[in-house]
Amino acid sequence: MTGKMKLFENYSLKELNTFHIDVKAKRFIIVENVNELKELFNSSELSAVKFLTLGGGSNILFTKDIDDTIIHLSFNQLSELKSDDNFVYLKAEAGLIWDDLVKYSVEKNLGGIENLAMIPGTVGAAPIQNIGAYGQELKDTLVEVEFYDLIENKIRCLSNEQCQFGYRDSVFKNELKNKFIITSVTFRLSKNPVPVLNYGNVSNELSKSGIKNPTVKDVSNIIRKIRTEKLPDPDLIGNAGSFFKNPFVEEQILQQIRKKFPDVPSFNQENKIKIPAAWLIEKSGLKGFRKGNVGTYPNQPLVIVNYGNATGTEILEFAMFIQKTVLEKFNIQLEPEVNII
Ligand code: FAD
Ligand code: EPU
């Protein structure tokens, strides 16, 4: 080990994952800048060791103690690279809390990520599943991703297009899986924001509050209100947001479901048909369903919650039970969004 890097052994991860699963990591290393990261992977000691990068732990389910090394990036600078008549380019380091970036942009009246308010976690994890909510996705404002390439042992950049973003998807979940550590992300935010109000009850909520021409701040406040009412606060009830992705289905499956449920909700996205997983779970009779310490959240059954001291295995078994029930009832296989370790 070189320099000032902070290394801890048998480190509890309970407060570092939003499910609050009580597991330990054999080694936990806090890396404070990109040079330290390079040093770490060039040191013979660590080059052969298996490791996992952990951000805010808000999209991860630990099912066992971690025998490998956990790397946590603490660098979190935000810098304005340039600005023209229409846009501001911001570079955010991986350890920055995502919602702090949203708050900064909202304060500056810059548009593009205000609907992504209150998503937990770090900037560095955000491109991996192309975070999205209420009609905006990361890919709408992302310019490039800088990452440490673990195969070539050097820093590389990928443009928006090279990231191959899709719904909860990117190159980082496919070709580059386990081959990268994201170190920073560059965004292009608009000086002439156009509010995105077409998702669910966003415009309803705005008119209820009497706002006519919403600013970036108004929109982000409405999103915060909706999320607070609908989603459990991980500080109070352990969860990792949506446990499953919304499934894409063939037209024929939708037609079959429609025979029994004429009002089945469906959406066209990326030229495919999406059915809300929350609806499938609810119609399987599992909304608010609870087994011991684990349950589906009564206001939003796509969120699996830890009501007490559930283990990761209990949560995983519960999730598998939901998958099995939905598969039997609708012939649709739900895929986890959460990373299961
Ligand atoms: P972690 O959970 O720490 O890690 C997630 C994955 O990324 C892991 O595989 C990890 O190894 C890897 N990783 C983390 N950082 C790096 C890095 N720097 N380099 C390489 N790999 C890395 N998501 C949405 O898209 N939309 C939502 O609306 C939304 N709402 C949520 C609401 C709640 C209450 C919760 C708890 C979660 C929600 N999520 C949502 C999921 C989650 O917040 C996002 O996926 C977030 O981007 C995860 O960030 P993190 O730093 O916590 O990642
Ligand atoms: N629905 C039900 N019953 C419910 C709740 C919802 O049937 O109890 C149906 C309704 O038809 C509703 C639809 O599900 O219209 C969609 O519900 P919601 O708007 O709550 O969104 P979601 O599809 O469940 C997705 C994301 C969330 C994101 C919201 C808002 C996924 C997997 N999840 O949830 O992201 O915040 O939209 O954009 O795409 C996350 O990824 O962790 C996450 C929380």
Residue satisfying all of: in the range 123-166; of a type in the set (A, V, I, L, M, F, W, C) and assigned to a strand (DSSP E or B); farthest from ligand 1 (Cβ to nearest atom) among these: Val143
Sort out which residues of the range 159-207 are surrounded by 17 or more Cβ atoms within 10 Å (Cβ to Cβ), over 28 Å from Lys274 (Cα atoms) and of a type in the set (D, E, K, R), and write them in order of number. Arg188
Scan (1) more than 16 Å from ligand 2 (Cβ to nearest atom); (2) under 15 Å from Phe180 (Cβ atoms) for the single condition Ala92 breaks and write down its number. (2)
How about the range 319-341: which of its residues are out of contact with any helix residue (DSSP H, G or I) (no Cβ under 9 Å at 6 or more places or on another chain) and open to solvent by less than 10 Å² (accessible area, probe 1.4 Å)? Ala319
Search result, residues across the range 77-98 that are surrounded by fewer than 21 Cβ atoms within 10 Å (Cβ to Cβ) and within 11 Å of ligand 1 (Cβ to nearest atom): Ile97
Taking interchain pairs and intrachain pairs at least six residues apart, which have beta carbon atoms under 8 angstrom, with the first residue in the range 288-306 and within 15 Å of Phe244 (Cβ to Cβ) and the second charged (D, E, K, R)? Val294/Glu314; Thr296/Lys287; Thr296/Arg290; Gln300/Lys230; Pro301/Glu282; Pro301/Lys287
Elements of type helices (runs of 4 or more DSSP H) contained in the range 207-319, each with 2 or more residues being of a type in the set (Gly, Ala, Ser) and within 27 Å of Gly56 (Cα to Cα): 277-283
Residue in the range 167-190 that is farthest from the chain's Cα centre (by Cα), counting only those that are among the charged types (D, E, K, R) and within 13 Å of ligand 1 (Cβ to nearest atom): Lys179
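Let me confirm something: among Thr63, Thr69, which residue is among the hydroxyl-bearing types (Ser, Thr, Tyr), more than 16 Å from ligand 2 (Cβ to nearest atom), assigned to a loop (DSSP other than H, G, I, E, B) and within 21 Å of Glu9 (Cα to Cα)?
Thr63
Yes or no, residue by residue, for (1) within 14 Å of ligand 1 (Cβ to nearest atom); (2) open to solvent by 70 Å² or more (accessible area, probe 1.4 Å); (3) in contact with a Pro (Cβ under 8 Å, 6 or more places away or on another chain); (4) at pLDDT 95 or above:
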{"residue": "Asn221", "(1), (2), (3), (4)": "no, yes, no, yes"}
{"residue": "Pro232", "(1), (2), (3), (4)": "yes, no, no, yes"}
{"residue": "Leu236", "(1), (2), (3), (4)": "yes, yes, no, yes"}
{"residue": "Phe243", "(1), (2), (3), (4)": "yes, no, yes, yes"}
{"residue": "Gln252", "(1), (2), (3), (4)": "no, yes, no, no"}
{"residue": "Phe261", "(1), (2), (3), (4)": "no, no, no, yes"}
{"residue": "Asn271", "(1), (2), (3), (4)": "no, yes, no, no"}
{"residue": "Ser284", "(1), (2), (3), (4)": "no, no, no, yes"}
{"residue": "Lys287", "(1), (2), (3), (4)": "no, yes, yes, yes"}
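The values are calculated or read from the model by the stated rules, or taken from the named source; none is laboratory data. What you see is a predicted model; the values in this text were computed from it and never measured. Every residue, glycine among them, receives a Cβ derived from its backbone with ideal geometry; neighbour counts consider all protein chains shown. Note: areas computed on protein heavy atoms with side chains; ligands, DNA, RNA excluded. Shrake-Rupley method; radii C 1.70, N 1.55, O 1.52, S 1.80 Å.
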